[in-house]
Amino acid sequence: MKPLLAVIVGITLIYACLHFFALPEAPDVTRIENATYLESPAYNPAVLDLWKIAVDGTGVENESAVLRRLEVDIAGDGGVRVIWLFFYGEEGGEQHAYEAYVGPGGTVSVKSQKFDYSVQGVHPLAILREVDAIALEDIPFRDWGMTLLASANAYGDQYNETRGRLYEVSNGVFCPVKEATFGPEARWYTITITPHRESPPSPGELSDCIIAFTRQDLAAAESVVYG
């Protein structure tokens, strides 16, 4: 393994352990350690399988779930290093925040915490199905490794080629988008795929990252320019 790659892998694993196991927690956090294992073939994080594991492991009322964020780290050979899935939902009439973590080897751990406010968003399956359908092995920069981030957005934003290559994604198929503008009242999700580059893009160089929107999310935009 090249020295630089070894350092990157080491830092990723250290951060994952600190993030999930070492952060201070409130007394009402509930953990389910080593709940089960997730099999993730090369370039396939199997996030739909992870969702089923999370539902079975937490007792969340499925229909109440709202996606907060999904993050997947994938090596250059397609191996899935770590996965984080964050979502909200109700359990026994109480609102909870949940985190499902998949570490090296596929071990899944889940934790939940009660909180007192409601959140808005879409059910995780709306985004997870699209992520699962993307052929990550066909991504041009796959040999560098990549980070996939599906996250919620609000308060308005504008996307164009300076941000990355824009697409509408439906059943894993990408349709090019030139611009998308969201107003201050809009709420939407993005699926961002970013390469593990050894150095950032040079000044004036366009970003390599891919930013994809579902059709449902683009329907919330003020304007969309395809092409």
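The values are calculated or read from the model by the stated rules, or taken from the named source; none is laboratory data. Keep in mind the model is a prediction, meaning the values are calculated, not measured. A quick note on method: Cβ atoms are made from the backbone with ideal geometry, for glycine too, and the neighbour counts reach across all protein chains shown. Keep in mind that these areas ignore ligands, DNA and RNA; they rest on the heavy atoms of the full protein, side chains included. Shrake-Rupley method; radii C 1.70, N 1.55, O 1.52, S 1.80 Å.
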Among 110, 78, 53 the positive-end extreme of the charge dipole of the range 31-138 (Cβ point charges): 110
Computed magnitude of the charge dipole of the range 99-227 (debye, nearest 20; Cβ of K, R +1, Cβ of D, E -1): 280 debye
Gain upon complete extension [residue 207, residue 126; 0.36 nm per residue less C-alpha separation]: 26.5 nm
Amide H contacts under 5 Å for residue 177, placed H, 5+ residues apart: 166, 167, 168, 227
FRET E, pair residue 118, residue 77, Förster distance 45 Å, beta-carbon r, rounded to 0.05: 0.60
Chymotrypsin sites (Phe, Trp or Tyr not before Pro) restricted to DSSP loop in the range 129-227 with at most 15 other C-beta within 10 Å: 155
Calculated FRET efficiency for the pair residue 160/residue 61, C-beta based, R₀ 41 Å, to 0.05: 0.55
GluC sites (Glu not before Pro) within the range 121-227, DSSP loop, no more than 15 other Cβ atoms inside 10 Å: 161, 185, 198, 205, 222
Rough spin-label spacing in nm, given labels placed 7 Å along Cα→Cβ, for residue 185 and residue 39: 4.9 nm
Residue-by-residue Karplus 3J(HN,Hα) for the range 152-158, coefficients 6.51, -1.76, 1.60, Hz, glycine and proline x: 7, 9, 7, 6, x, 5, 10
Accessible surface of the range 90-227, 1.4 Å probe, proportion on carbon and sulfur as whole %: 47 percent
Inter-site label distance for residue 215 and residue 178 at 7 Å from Cα along Cβ, in nm: 2.3 nm
The range 133-213, accessible area per residue, ligands and nucleic acids excluded (1.4 Å, Å²): 51 Å²
